[in-house]
Each structure stands twice: as C-alpha cells, then as structure tokens.
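> First the structure, which I've put down as structure tokens, then a few questions once you've had a look.
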Amino acid sequence: MRTTHMFIPTLREDPGEAEVISHRLMLRSGMIRKVAAGIYSYLPLGLRVIRKVEQIIREEMNRIGAQEVLLPVLSPAELWQETERWDFYGKELIRCQDRHDRDFCLGPTHEEVVTDLFRREVRSYRQLPVTLYQIQTKFRDEIRPRFGLMRGREFIMKDAYSFDQNEGEAQKNYQAMYEAYHRIFTRTGLQFRAVEADTGLIGGTSSHEFMVLANTGEELIVFDPESSYAANVERAEVVPVERSQSITSPQPLKKVSTPQAKTVTEVCQLLNTTPDRLVKTLLYTTPDNSPIAVLIRGDHQANEIKIQRHLGIHDLTLADSECVRTLTNAPTGFAGPIGLHGLTILADHAVGTLSNFIVGANEADMHYINANAGRDFTIDVTGDFRQAQAGDSSPQSQAKLETARGIEVGHVFMLGTKYSEKMGATYLDSQGAEHNAVMGCYGIGVGRTVAAAIEQNHDDRGIMWPIPIAPFHVHLLPVTNSERVHEVTQALYAELQQANIEVLLDDREERAGVKFNDADLIGSPFQVVIGDKGLAQGTIDLKERIRGEKMPIAPSKLTAYVREKLARDVNWP
RNA sequence: CGGGGCGUAGCGCAGCCCGGUAGCGCGCCUGCUUUGGGAGCAGGAUGUCGGAGGUUCAAAUCCUCUCGCCCCGACCA
C-alpha cells in the first residue's frame, strides 16, 4: 500500500482529549477518530489492526468448533422483558422506538437473541452441543466512557454462546473456550493472565477474566507468585488468619475525645496508633431500605460485591450523611457498633481477631478505645467482607499475594440454565424427557485488545506492534529523491508483496525526518530506509522497531531476512 | 448523578480577571532554495470566539440559560 493512496492522517501534536497512551497513539497515528463521547470511527490503519485481531479470534473459535453467526444490532424489547433485563439493565441499555412506537434496544450483549434462536430451532439432544459466536458492534451507554477504545460506548466484541446437555458437557466446552482464549492472547503477542472473576449478577459457577497486564489497567488483581492462583480483587477470597498476636486481655472501655477526626488516618494520628488497631463502621442502605452496618479493620477495604452476595442483593449504597445521622445521632465519621441498634451488624473475619480496638462512639468528635466484640456489642454475622490486598495469604500456597493492574480483554462465564429457564430453551433427551440447555457465554473486547496491545508495546516515539497484529509488516522509506533510490524502492516494494509480506510504502514528498517520525509512530515492526548514502555502499538500512538501531543490509537479502523473522512470530505463510 | 476543568482557524494553545483592532505555533496553498531524524526564506488563505438570550454606545471578555467534551468519583452482563 502506498501512503499517498491511504488515508492515514497522523497528528504531530498530542490531541488534548486523550489521556492514556493507547488513546493518544491511536489518534496520533491516524487509526481512529472520535465521533462522540465513547464513539469512534476506525480509519484504514486502525481497521487493519482490528481485522487482524478478529482473524486470530476467528481461527481459534473455528478450531474448537464454534460457528460464526451475525446477530442483529437492534433487538425487540420483548426478548429482554422475558429475562427481566429490560428493567434490570438500567440506563446502560440504550433504547429506541420504531415508527410504530415499538420498543427496541441496541444490543449490549446477545444472550436473549441467541437463546431465542436456539429455542426456535433446537429440539433434540442430537443437535447438541452447539456453540455460536459473532464479531459485532455492541452498544452500552456507559456512565463514563473513557480512554478511547478502552471503554467506549460503541465497541466491537466477539461474543460466543455454548449450549450443552448438562453441566459436565458444558464444563468441557468452558474449558475448550478457556484454552482457546489462551491461544488467542498468546498469538496476539500480549502478556496476560487468566484470573478468577466475580460471576456478578449473571450468576453461574465459573468465571475467568483474561487480563492484559498494564499499569494503566482499570482492574486490580491479586496473584500468588508461587502458584497459579490469580483473581480479581473483587472476587479474591481472603483466607481468615488465626489470631496470631498474643491476645491482650480486655481493658476497660473508654470514651475519648477526637475532635474533627473523621478519617482512619486522622484518628490514628490523634490517638498515636496504627490503622490495624481501628475498626471502621460502614453503614449501607439496601434496596428494601433496611440499613446494615459492616465492620472492617481500618487498614482494609470493604468489598461491596462480597457483602451483596452474602445478602443476596444486587444494590448496596453507602448511606448518605442524613441517613448516618438518623442511625447514629452523629455526623459521618463517628459511627461505631456500640449502642447501634435496629440493624444487622456484619463483621469481616479480621475484626474478629482483634481485641481492645478503636471504634466510633456515635457521637460527634468522640471514639471509644479498648472496644471488644461480644462484651461491648454483638456481631450478627462474621464473614469475608473485605477486599484482598497485597500481603494477604494465598489460598493455594504459603506465599503472600501480590497485586498487579490489568485490562480486562476477555471474560468466560458458565451461565448454567439461567437464560434457558427463563426463555424456555429446552431439548429432549434420548428418553424423551425435556431439559433446559446448559449455557456458557464468552466475550472478547476486540478494540480493547488493540488498545491493550499498545499499552504494552510502545515507547516515547510511538507504537511498537507485535508482528501478528501489526497493520503492516514493513514500512519502506525512500529518503532521497534520486532515480536510483526510486528504482530500488519500486523493486523492493514489488518483491516484498510477491512474498506475501504486507508493505507500506511512504511515497510522499516529505523530508526524511517526517517519514522517520511517522514510521516510528505507526510502529510497523520493520522499517527499511532507502537512500543514496546507503546505496553508494550497496546497502539499505533495516530498523526493527522494537530494537531501534538501524543496520545496513543488501537489498537482495531483505525479503528473505524479513520472511525468516516473520516466520518465527507468525504461522507463516 | 456528585466534584473539578475546558469549548477561540484543520490541530495545539494565548487573549477573558480589567469590555473597544481576534492572535501565536504547527498544518494548509504558491514560489524559490533545501533534502538520512518533524527544513529555510518570501508571499497567501482560513474564524457564526460551542449555541441562545440579556447587560452595554460597544461582548470572545460581564450575567443567565443551554449543548458538547475532558478529568476524578459512584457504576460496569
């Protein structure tokens, strides 16, 4: 492809709208342009990368027997009402009406549509298993779209759905999908990790997220450096520690003045102690308006997902200051369990191991010291209600957990029969008995994968594409304007293409510096500089983008050299 | 939805506090010179100052409303 024939509007300066590196580089290299918040056009260069990722996904989906379909973007409200997600999905589901005022939505995911397809067409166990997938644009009206393709409102996603006769078969399918995901992300050249994930409200038995490791990731994961254990902090179970410190015998409860000290840090400073000697009391309101209190050690973070799961609800909000005042007769920052009545008190395991700790006194500017559970107040339920953090014990070895940031690029779910039950997706077994199909669903964010690849592969000059997803393999840069350079360039261009190598030829009348800078920005793995200086020695210069330095090579050897290099990284040809 | 910020030429920004001529850099067009890491000189084009209302002799600038965008938080099958 010739640059003069390809629409690659590169930007010399950083666009003001972009904060994270992948977003900036995608805009600057002319891969994407914004149309509205969280909505982007893919320009030729960006689309080429998207297509490469899609192709890898296709190959691996097909390899495990999944079949490609294309489901509609627009789907009727009735399907969503059947599963109650029409109401449940909330504002994230973008809705519209047709000319007859019938309700529709733009699909944020396709369980309903695909389950409907299944129940209409599949009758017998003989037709199972079946796994369908599509690569298609989804729409979710995110509260806050950000980071370019990382969290858009409209985005390209591969979603797959499996239907099996029973749990065991479904589990096999899940495993096959899990392995396919490993191959996909390995092939895209990314450093990633599969982690145990929360199954969320979708329920089900198993769920793993595929995280590309990057400091800019939105997700926090914990992992065990000595075993294979890794999990999203939302999900990671915290192993209760035995009461290790010598148990200090209970001291008399004492109320102390802590003026203005509302936060854990402030209280600690004032009382000259450390956060692990303090217990914070978090007040929440639930959907049925019954408040609850959750006790968490001062240096720990509450995990609302775990609390919700325990309570069997899906909506938990931290009580507002008015509500706190009603419950505790004190302003926020001084809530405590002592004398708190009429609501359930949950406590994290870690709280149970403490004695003589500090709590709020339910009175402005006052705290208690030497509080002890059982003597001073009653805990209704003890459980795992906090977020895992670095230094916690691994559930699988003696090691301490470490944390890392990740970008969620893929998610696999065992759905069970949640959707098949609600929508009546059944089949008849060999005995003629009717059963609900057991389902799994599996997503990959295509655009997000591209963004993650850039987060992981760039320097201060631009992108450094992994070979399998690079928009072009070789970027030809004729850098002086002689007849000789022109001839060699044309010959190489033809020869490389002949060898099935994807070449971008910068045939613009630009100065060398401009071409070099654009080439580094666009990030093709190989840059080839053709100039009179080199040709005088009978050579051209080859620069591998990830290495950086140029090395002279005879023009006649270029194609073979590049082919050999590519062969190491890609299934080639 | 809460908090913060920004909308001025294609892009990046200044000007706004303190009302009076719309500016800078990059890009773009023409010509000459240059030509291996974002060239130099000369000439040139480009703006409903996000939109609507108001105050004023006069509004990019002050006031009110509104739309869009960015950042932090809450949210995220």
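The values are calculated or read from the model by the stated rules, or taken from the named source; none is laboratory data. Note that this is a predicted model, so its numbers are computed, not measured. Note that each Cβ is placed from the backbone with ideal geometry, even for glycine, and that neighbours are counted across all protein chains shown. When the accessible area is computed, the model is the full protein with side chains, heavy atoms only, and any ligands, DNA or RNA have been set aside. Shrake-Rupley method; radii C 1.70, N 1.55, O 1.52, S 1.80 Å.
> Summing Lys, Arg as +1 and Asp, Glu as -1, what charge do residues with Cβ under 11 Å from the Cβ of A:Ala335 carry, A:Ala335 excluded?
Net local charge, A:Ala335 excluded: +2.
> Turning to a different aspect of this structure: Could you give me D for the stretch A:207-316, from Stokes-Einstein at 4 °C and 1.567 mPa s, where the hydrodynamic radius is the Kirkwood radius over C-alpha pairs? Units µm² s⁻¹, please.
74
> Still on this model: Given A:Ala491, A:Leu415, A:His458, which one lies farthest toward the positive end of the charge dipole of the stretch A:392-528, if we put +1 on the Cβ of every Lys and Arg and -1 on the Cβ of every Asp and Glu?
My answer, from the dipole projection, is A:Leu415.
> Work the Kirkwood hydrodynamic radius out for chain A: mean of 1/r over every pair of different alpha-carbon atoms, inverted, in Å.
With all distinct Cα pairs of chain A included, I get 27.5 Å.
> Counting residues in the stretch A:66-200 as N, plug N into 2.2 N^0.38 Å and put the Cα Rg over that result.
Dividing the Cα radius of gyration by 2.2 N^0.38 Å gives 1.18.
> Now for a different question. Place +1 on the Cβ of every Lys and Arg and -1 on the Cβ of every Asp and Glu in chain A, take the dipole about the Cα centre, and give the residue among A:Tyr442, A:Pro287, A:Phe192 whose Cα lies farthest towards its positive end.
A:Phe192
> Moving on. So who's got an amide H within less than 5 Å of the one on A:Leu128, skipping anything under 5 residues away but keeping other chains? H placed 1.01 Å off N, in plane.
Placed amide hydrogens put nothing under 5 Å from A:Leu128.
> Note the angle between two axes, namely the Cα long axis of helix A:558-569 and the longest principal axis of the Cα atoms of chain A, as a number of degrees from 0 to 90, rounded to the nearest 10.
Tilt of helix A:558-569: around 20 degrees.
> Now for a separate question. Rounded to the nearest 10 Å², what accessible area does A:Thr480 have for a 1.4 Å probe in the complete protein model?
A:Thr480 exposes around 60 Å² with every protein chain in place.
> Moving on. In nanometres, what is the gap between the two model label sites at A:His5 and A:Ala499, each 7 Å from Cα along Cα-to-Cβ?
A separation of 2.1 nm, rounded to one decimal place.
> Okay, moving on. How are the C-alpha pair distances of the stretch A:331-429 spread across 5 Å bins, as whole percents from the shortest bin up?
Using 5 Å bins, I get a P(r) of 2, 9, 12, 13, 12, 10, 10, 10, 10, 7, 3, 2, 1, 0 for the stretch A:331-429.
> Could I have the simple spin-label model distance between A:Thr186 and A:Arg563, label points 7 Å from Cα toward Cβ, reported in nm to one decimal?
With each label placed 7 Å out from Cα toward Cβ, I get 2.7 nm.
> Okay, moving on. Once neighbouring chains are kept in place and the probe is 1.4 Å, which whole percent of the accessible area of the stretch A:254-383 is contributed by carbon and sulfur?
It is 47 percent, rounded to a whole number.
> Also, I was wondering about something else. Straight-line reach only, C-alpha to C-alpha below 17 angstrom: list the lysines that A:Lys543 could link to, leaving out same-chain residues fewer than 8 apart.
Cα-Cα hits under 17 Å: A:Lys515, A:Lys533, A:Lys557, A:Lys565.
> Can you tell me what share of the DSSP beta bridges in chain A is antiparallel? A percent to the nearest 5 is fine.
The antiparallel fraction comes to roughly 80 percent.
> Does the stretch A:472-567 come out rounded, prolate or oblate by the C-alpha gyration tensor, with a ≥ b ≥ c the root eigenvalues, rounded set by a/c under 1.5 and, if not, prolate when a/b is larger than b/c and oblate if not?
In terms of gyration-tensor shape, rounded.
> Ok, one more. Can you pull the accessible area of A:Ser524 for me, 1.4 Å probe, Å² to the nearest 10?
0
> May I ask for the net charge around A:Thr265, where only other residues with Cβ less than 15 Å from the Cβ of A:Thr265 are counted and Lys, Arg are +1 while Asp, Glu are -1? The partial results should precede the final answer.
Details: positive: A:Lys262, A:Arg277, A:Lys280, A:Arg297; negative: A:Glu266, A:Asp276, A:Asp299.
So the surrounding residues net to +1.
> What percent do you get for the relative contact order of chain A when only Cα pairs under 8 Å and 6+ apart count?
On the way: 1184 pairs, mean separation 96.3, N = 573.
That works out to 17 percent.
> With only Lys, Arg, Asp and Glu charged, each at its Cβ (+1 for the first two, -1 for the last two), find how big the charge dipole of chain A is about the Cα centre; round to the nearest 20 debye.
Numbers: 63 positive and 77 negative charges, 218 e Å.
Here the size comes out at about 1040 debye.
> Can you tell me the length gained on complete extension of the stretch A:Ile39 to A:Asn481, counting 0.36 nm per residue apart and subtracting the Cα distance?
155.0 nm
> Oh, and also: Could you rank A:Val73, A:Val503 by how accessible they are, 1.4 Å probe, largest area first?
From most accessible down to least: A:Val73, A:Val503.
> Calculate the length of the line joining the C-alpha centroid of the stretch A:404-438 to that of the stretch A:495-573, in whole Å.
What the calculation gives is 49 Å, centre to centre.
> Sort A:446-452, A:131-137 by the packing proxy (mean of other Cβ within 10 Å over each peptide's residues), most packed first. Each step should come with its number before you reach the end.
On the way: A:446-452: 27.1, A:131-137: 19.3.
Taking the mean over residues of other Cβ atoms within 10 Å, the ranking is A:446-452, A:131-137.
> Now for a different question. Please list, short to long, the whole-number percent of alpha-carbon pairs of the stretch A:404-472 in consecutive 10 angstrom bins beginning at zero.
17, 28, 19, 15, 15, 5, 1
> Multiply the residue separation of A:Ile553 and A:Thr263 by 0.36 nm, subtract the distance between their alpha-carbon atoms, and state the gained length in nm to one decimal.
Gain in length upon complete extension: 97.9 nm.
> Just how much of A:Ile338 is accessible, in Å², when a 1.4 Å probe is used and the result is rounded to the nearest 10?
20
> Continuing with the same structure: Any of A:Lys52/A:Lys400; A:Lys280/A:Lys400; A:Lys91/A:Lys306; A:Lys254/A:Lys400; A:Lys158/A:Lys400 with alpha carbons more than 31 Å apart? Name them for me.
Pairs exceeding the cut-off: A:Lys52/A:Lys400; A:Lys254/A:Lys400; A:Lys158/A:Lys400.
> Binning at 5 Å from 0, report for the stretch A:254-383 what percent of all alpha-carbon pair distances ends up in each bin.
Final binned percentages: 2, 11, 23, 25, 22, 12, 4, 1, 0.
> Now for a different question. Note down the net charge around A:Pro552, summing +1 for each Lys or Arg and -1 for each Asp or Glu among other residues with Cβ under 13 Å from its Cβ. Present the calculation step by step, with values, prior to reporting the outcome.
Numbers: positive: A:Lys533, A:Lys543, A:Lys550, A:Lys557; negative: A:Asp541, A:Glu549.
Surrounding charge for A:Pro552 is +2.
> So if R0 is 45 Å, what FRET efficiency would A:Arg144 and A:Ala536 give, r being the distance between their Cβ atoms, rounded to the nearest 0.05?
With a Förster radius of 45 Å, E is 0.20.
> Loop-only check: which trypsin sites (Lys or Arg not before Pro) in the stretch A:118-226 are DSSP coil with at most 14 other Cβ within 10 angstrom?
A:Arg123
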